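Here is the structure we will look at.
What follows is calculated from the coordinates using simple rules that are stated; it is not laboratory data. These figures come from a predicted structure and were not determined experimentally. Every residue, glycine as well, gets a Cβ built from its backbone with ideal geometry; the counts of neighbours run over all protein chains shown.
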Ligand SMILES: [Zn+2]
C-alpha cells in the first residue's frame, strides 16, 4: 500500500510553489502512480481545466467548487495534488484527513498569508495536519533580498488599503512578493478621518 502523507508547499506569491508541485507530480508520474490534480474554481489565475505555473508548464486539473467534491473525484488516484489550498472552504481540512486515512499521498500548495499578512483561509489548520511542510521564499521586488515572505497587493501601482476585499475578481490589481521590511499596508480610513478633522477645524476659524 502506498503510505499516506500530506506534503504542504507554502510561501508568498512568486516563490515557486506551483513549480515545486509540478516537479513532485512529475516524479509520481515517472513512478507510475495514478495522479489527479485539483484546483479551486475561484482561482482566476488558471485558465480552462489545467493548472499553469509561471514557467509555462501545465497539467490537466479538475476544477472544484466545494472541497467535499474532491472525495468522489479521487477514488482511484494514489496521489492527489491540490493547488491554491487557501481558496477552499473549511471542509478542506476534513477532506485531506480522509484522503490520508485512505492511504493517499496528498501534495498541496497554498498562500499562508493574505495581502493583509493575515492567515489565509484554512492554511493554519492545514499547516498543523501536514506531515511535511516546505516553506519557500521569493525575491523581494522592492529591495531584491531573497527573504520575501509576504504578498503585496498593488492597485494602480500603489500598496492596497487594508479595507480592500480579500479576493478581487477581475480587478486591475497586481501582486508582488516583498520582504517584511518592504511590505506596506496603508490604513486609508484612519488617515481620512484625521485629515477631515483638520479641515473641519480650519473651516471654523
Ligand atoms: Zn525588501
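Tabulated data
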item	result
Residue 147 paired with residue 68, simple spin-label distance in nm, labels 7 Å along Cα-to-beta-carbon	4.4 nm
Inter-site label distance for residue 173 and residue 19 at 7 Å from Cα along Cβ, in nm	2.5 nm
Ranked packing of 112-120, 181-189, 22-30, most packed first, by mean Cβ within 10 Å	112-120, 22-30, 181-189
Point-to-point label distance, residue 41-residue 154, nm (Cα→Cβ direction, 7 Å offset)	3.3 nm
Label zone at residue 189 (point 7 Å along Cα-to-Cβ), backbone N below 20 Å, the range 127-168	153-155, 159-168
Global geometry of the range 110-163, whether rounded, prolate or oblate, following the gyration tensor of its Cα atoms and the 1.5 cut on a/c	oblate
Förster-model FRET efficiency, 22 Å R0, residue 31 and residue 137, C-beta, rounded to 0.05	0.20
